[in-house]
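Coordinate-derived values only; no laboratory data. Values in this document were obtained by computation on a predicted structure and should not be read as measured data. Please note: Cβ atoms are built from the backbone with ideal geometry, for glycine as well, and neighbour counts cover all protein chains shown.
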Protein chains: 2
Amino acid sequence: MALETVSVARSHGGVQGVYSHASSETGTQMTFAAFVPEHAAGEKLPVLWYLSGLTCTHANVMEKGEYRAVCAEHRIVFIAPDTSPRGDDVPDSAEEYDFGKGAGFYVDATEQPWAEHYRMRSYIERELPGIIADNFPVDLERQSITGHSMGGHGALTIGLRNYERFRSISAFSPIVAPSQVPWGEKALGRYLGNDRRAWQEYDAVALIKDGARHDRILIDQGTADDFLEEQLQTHLLESALSDVQMDATIRMQDGYDHSYFFISTFIAEHVAWHAKALREQ
Amino acid sequence: MALETVSVARSHGGVQGVYSHASSETGTQMTFAAFVPEHAAGEKLPVLWYLSGLTCTHANVMEKGEYRAVCAEHRIVFIAPDTSPRGDDVPDSAEEYDFGKGAGFYVDATEQPWAEHYRMRSYIERELPGIIADNFPVDLERQSITGHSMGGHGALTIGLRNYERFRSISAFSPIVAPSQVPWGEKALGRYLGNDRRAWQEYDAVALIKDGARHDRILIDQGTADDFLEEQLQTHLLESALSDVQMDATIRMQDGYDHSYFFISTFIAEHVAWHAKALREQ
């Protein structure tokens with residue numbers, strides 16, 4: 001798989017790059033950002049995946065996330081994929097910011113006209129890890145995952161379904177129960193159809209109720225987040241955890257909103273927390 | 001002077017705001033960003049000014065600068081003004097990224113049609129400090145200044161002309177001798193006219209040759225900066241410093257370019273360095 005370098009820049013002693021490649025899953029050219037810290041020749045570094053939210057590309061967290069200093073300190077490769085397939089051939093719903101391009105919801109769509117290209121689950125779970133392994137100095141035995149909002153949903157569901165692959169899971173202001181909130185009902189209904197049984201594997205709360213487990217989950221949620229009450233509903237996850245007697249750290253952060261001003265405040269703590277899990281032998 | 005709040009968000013324990021106000025200097029509505037760290041009631045904090053480069057607004061450094069963590073740590077207010085007057089009434093040269101809007105060069109223009117609105121020198125030197133003092137918990141006895149590229153030129157020239165106001169001056173990839181490089185010759189020629197004697201107070205190298213001094217100057221310049229050879233020419237400042245036997249710290253940073261990936265790498269060191277000067281009684 002040929003990787004094209006879109007841009008590279010030295011930053012915090014390492015290299016922040018943007019790369020693109022033809023994806024067999026999405027049938028499109030896909031773009032992602034990767035930060036590789038300074039490291040010894042031959043050294044293989046752990047990987048932290050960051051899944052972005054609605055309307056975002058690889059670029060939002062790359063520009064505003066403030067993760068490079070702490071990833072350099074802990075020598076962790078940081079991968080930021082795009083949030084959907086792109087291109088003129090890809091069906092879209094241009095008037096809707098929360099569906100179509102920029103809103104892949106980390107599912108493999110089964111409904112038309114979305115099923116051909118909207119395969120972000122398989123892209124993140126299967127295809128992109130191989131491309132990362134082939135092109136970067138990484139140790140895929142040491143992976144963790146995080147994300148924001150729709151990407152927090154992605155991190156939780158991909159992390160829970162693949163608990164053996166990810167040593168730790170964190171999220172910023174995640175959608176925790178898409179089956180129960182407007183953003184999720186709209187996206188899952190149109191990508192996956194009306195049979196809600198098909199939605200379950202894309203819903204962190206439903207997965208946990210169904211038995212999915214992970215012993216290292218950290219979530220930060222701002223109390224001044226305009227989406228908290230209607231779309232995020234962190235309490236649904238807290239209830240599910242309590243019902244199944246599963247531990248996770250959920251921190252309500254006083255006065256913080258949904259923006260990168262919030263994410264960048266706590267990302268250093270998240271990376272340091274993941275680093276502990278990633279360092280274990 | 002009424003200050004309008006454009007936006008506020010909690011970040012790194014403090015508040016990142018964007019504000020606008022009617023400016024008597026530029027005759028336009030001006031916008032700036034201000035980060036105020038958490039602080040004790042009644043506490044007055046020192047101020048670090050950040051002047052941005054060509055094409056930028058207040059927003060570029062606010063989004064990509066990664067200054068909030070370190071400003072919160074040292075309890076320093078960070079002010080990021082715009083780079084020119086804005087609005088439909090303001091003359092512009094829309095095809096040119098390096099002249100007109102977004103390219104005020106921190107001068108008071110004397111030529112037409114620029115003279116009425118392009119008064120960024122007086123705006124930064126005289127008007128905005130009063131607005132900051134009236135609206136934020138600051139101690140204007142403790143100020144320092146920094147900037148990037150065209151804003152590095154602004155920081156150096158405003159800092160050198162007002163050495164008693166600024167305890168320390170730093171810059172990222174500054175234009176050090178605008179009178180001798182294409183960006184500067186174009187801008188100074190059109191804003192100030194062809195008599196080069198009028199350019200001198202807007203040229204750091206010329207100011208130093210003419211006797212301006214400051215004992216705390218720190219400059220970082222990337223060696224992979226595409227503008228280094230033609231526009232920035234750091235060696236002209238090094239020569240001038242050597243000629244007058246003036247000390248300054250100029251660090252050539254191996255492999256870094258002109259972008260915020262570079263600035264964000266070193267801004268924590270700059271803020272910590274300014275903090276030392278700002279803490280002195």
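For the range B:4-279, the spherically averaged projection of the C-alpha convex hull amounts to 13.3 nm². Copy A relates to copy B by a rotation, and the A residue whose beta-carbon is nearest that axis, with the distance in whole angstrom, is A:Glu66, 2.
Please label the shape of the range B:181-281 as rounded, prolate or oblate, based on the square roots a ≥ b ≥ c of the eigenvalues of the alpha-carbon gyration tensor (a/c under 1.5 means rounded; beyond that, a/b larger than b/c means prolate, else oblate). The shape class here is oblate. The dipole here belongs to the range B:146-281: it is taken about the Cα centre, uses +1 on the Cβ of Lys and Arg and -1 on the Cβ of Asp and Glu, and is about 580 debye.
Give me D for the protein assembly as shown in µm² s⁻¹, whole number, from Stokes-Einstein with Rh from the Kirkwood sum over alpha-carbon pairs, 4 °C and 1.567 mPa s.
This corresponds to a translational diffusion coefficient of 52 µm²/s.
DSSP beta bridges fully contained in chain A are about 50 percent antiparallel. Shown here for the range B:203-281: chymotrypsin sites (Phe, Trp or Tyr not before Pro) in loop regions (DSSP other than H, G, I, E, B) with at most 13 other Cβ atoms within 10 Å, of which there are none. For the pair B:Asp210 and A:Glu43, a Förster radius of 51 Å applied to the C-beta separation gives a FRET efficiency near 0.45, rounded to the nearest 0.05. Taking the label point 7 Å along Cα→Cβ, B:Ala40 and its counterparts in the other copies are spaced 4.7 nm apart, in ascending order. Peptide A:260-270 has a mean of 4 when you count, residue by residue, the C-beta atoms of other protein chains within 10 Å of its C-beta. Label point of B:Gly193 (7 Å along Cα→beta-carbon): distances to the other copies' equivalent points are 7.9 nm, sorted ascending.
Looking only at the range A:86-233, where both bridge partners belong to it, what percent of the DSSP beta bridges are antiparallel (to the nearest 5)?
On the way: 2 of 9 bridges.
That works out to approximately 20 percent antiparallel.
Membrane-span-like helices in chain B: DSSP H runs reaching 18 Å or more (Cα, own axis), mean Kyte hydropathy at least 1.0? Intermediate values should be presented prior to the final figure.
On the way: long enough: B:260-279 (28 Å, 0.53).
Long hydrophobic helices here: none detected.
Per the helix-only calculation at 222 nm, which mean residue ellipticity applies to chain B, given -39500 (n - 2.57) for every DSSP H run of n ≥ 4 and division by its residues, nearest 500 deg cm²/dmol? Mean residue ellipticity at 222 nm (helix-derived): -8500 deg cm²/dmol.
Peptide B:185-191 is shielded by partner chain Cβ atoms: per residue, an average of 0 of them sit within 10 Å of its Cβ.
At most 12 other Cβ atoms within 10 Å plus a DSSP loop assignment makes a site exposed; report the longest stretch of chain B without any exposed GluC sites (Glu not before Pro).
Details: sites that count: B:Glu38, B:Glu43, B:Glu95, B:Glu164, B:Glu280.
Excluding the exposed sites themselves, the longest stretch runs over B:165-279.
Each of A:Gln221, A:Ala171, A:Gly159 was placed along the dipole of the range A:148-229 (beta-carbon charges, centred on the mean Cα), and the one lying farthest toward the positive end is A:Gly159. In the range B:4-279, with Lys and Arg counted as +1 and Asp and Glu as -1 at Cβ, which of these residues, B:His258, B:Thr5, B:Leu54, has the Cα nearest the positive end of the dipole, that is, farthest along it? So the residue furthest toward the plus end is B:Thr5.
At 1.306 mPa s and 10 °C, plugging the Kirkwood radius over alpha-carbon pairs of the range A:70-121 into Stokes-Einstein gives what diffusion coefficient in µm²/s?
On the way: Rh = 12.4 Å.
After rounding, the answer is 128 µm²/s.
Using the alpha-carbon positions of the range A:76-206, Rg (one decimal) and Dmax (whole number) come out as 14.5, 43 Å. Compared with the direct C-alpha span, the chain from B:Asn135 to B:Gln200 gains 20.0 nm at full extension, assuming 0.36 nm per residue.
Here the dipole of the range A:1-95 is about 440 debye; that uses its Cα centre as origin and unit charges on the Cβ of Lys and Arg (positive) and Asp and Glu (negative). With the label put 7 angstrom out from Cα along the Cα-to-Cβ vector, A:Met252 ends up 5.7 nm from the copy partners, going from closest to farthest. Take each residue of peptide B:3-12, count the partner chain Cβ atoms within 10 Å of its Cβ, and average: the result is 5. Annotation note: chymotrypsin sites (Phe, Trp or Tyr not before Pro) in the range B:19-97 located in DSSP loop regions with a Cβ neighbour count of at most 13 within 10 Å are B:Tyr97.
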